[in-house]
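The values are calculated or read from the model by the stated rules, or taken from the named source; none is laboratory data. Everything numeric in this text was worked out from a predicted model, so none of it was measured. Don't worry about glycine lacking a Cβ; one is built from the backbone with ideal geometry, like all the others, and counts go over all protein chains shown. Heavy atoms of the whole protein, side chains included, go into the accessibility calculation; ligands, DNA and RNA do not. Shrake-Rupley method; radii C 1.70, N 1.55, O 1.52, S 1.80 Å.
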Amino acid sequence: WQKTSVDAQEAIWQGIVKKYSQNVALDETDDGSAIIKVTHVNRLRAAEIANVIMNTIISTTKIRKATKQDEQLSYLSSTLAKAVNELEVSQSNLKEFALENSALPLENFAVGSLQLDMLREKFNQTSELHEAVAALLLMIENKTTNQTDYVSLQQKFPIIDQVEFRRVMG
């Protein structure tokens, strides 16, 4: 059998841990409070050890709570930032939808369409007036002003009997 060599530093640490385990007891009450029992030859040294352990527990608990709060705040901040971004996108989409689906463009189109119809009607009427005047001029140039020519002209261009034509021709 070979005997394993014992590391001096390891032996020291094992002794410290063994003494610590024998002299320090940690427990928890039903309500979650910590109980620390330290036995030592010197009562002041036992109190110091208990206070150091309690302060370590308190600071570790504070650090854990602060870390947890930071994580929660970070999560809430990122969630809030995403929500604000989604809200802005939704508002933009709503504006686009309102503009695309509002009645204003349809009303503008309807007004423009009516104006175009009126202009088309005026153009047709003006074209008819022009053709009637051209036919009258042709009749006058040919010096054929008998009643039958006038009646055929009236049948071909009924606008001759309307007020607009007489107003134009004076």
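Give the calculated FRET efficiency between Ala50 and Val89 to the nearest 0.05, with a Förster radius of 41 Å applied to their Cβ-Cβ distance.
After rounding, the FRET efficiency stands at 0.10.
Among the lysines, which have Cα under 22 Å from the Cα of Lys95 when same-chain residues fewer than 8 positions away are ignored?
Lys82
In debye to the nearest 20, how big a dipole does the chain give about its Cα centre with +1 on each Lys and Arg Cβ and -1 on each Asp and Glu Cβ?
Computed about the Cα centre, the dipole is about 1300 debye.
What do you get for Rg/Rh over region 37-150 if you use C-alpha atoms and the Kirkwood form of Rh?
1.92
Which log10 I(q)/I(0) values, to two decimals, does region 26-98 give at q = 0.16 Å⁻¹ under the Debye formula with one point per Cα?
Values, matching the q order: -0.75.
First select every other residue whose beta carbon is under 13 angstrom from the beta carbon of Ile160; then total the charges, Lys and Arg +1, Asp and Glu -1.
-2
Residue farthest toward the positive end of the dipole of the chain, with Cβ of Lys/Arg at +1 and Asp/Glu at -1: which of Gln14, Val41, Met169?
Val41
Rounded to the nearest Å, what's the spacing between the alpha carbon centres of region 39-65 and region 73-93? Just the number, please.
Rounded to whole Å, the Cα centres lie 45 Å apart.
With θ taken as phi - 60° and the coefficients 6.51, -1.76 and 1.60, list the Karplus ³J(HN,Hα) couplings across region 23-36 in order, rounded to whole Hz; mark glycine and proline as x.
Taking θ as phi minus 60°, the curve returns 9, 10, 10, 10, 8, 9, 7, 5, 8, x, 7, 8, 10, 10 Hz for region 23-36.
Per the Debye formula with a single identical scatterer at each Cα and no solvent contribution, what log10 I(q)/I(0) holds for region 85-170 at q = 0.12, 0.18, 0.24 Å⁻¹?
Log10 I(q)/I(0), no solvent term: -0.57, -0.84, -1.12.
How would Phe97, Phe157, Phe109 rank on accessible area, largest to smallest, probe 1.4 Å?
Highest to lowest solvent-accessible surface, that is Phe109, Phe97, Phe157.
Report the accessible area of Leu94, computed with a 1.4 Å probe over the heavy atoms of all protein chains in place, in Å² rounded to the nearest 10.
Leu94 has an accessible surface of roughly 110 Å² with all protein chains in place.
Based on Cβ point charges of +1 for Lys and Arg and -1 for Asp and Glu, what charge dipole magnitude is obtained for region 68-161 about its Cα centre, in debye rounded to the nearest 20?
Computed charge dipole of region 68-161: roughly 120 debye.
Apply the Karplus parameterisation 6.51 cos²θ - 1.76 cosθ + 1.60, with θ equal to phi minus 60°, to every residue of region 60-73 and state each ³J(HN,Hα) to the nearest whole Hz, in sequence, with x for glycine and proline.
5, 5, 4, 4, 4, 5, 5, 5, 5, 5, 4, 5, 5, 5
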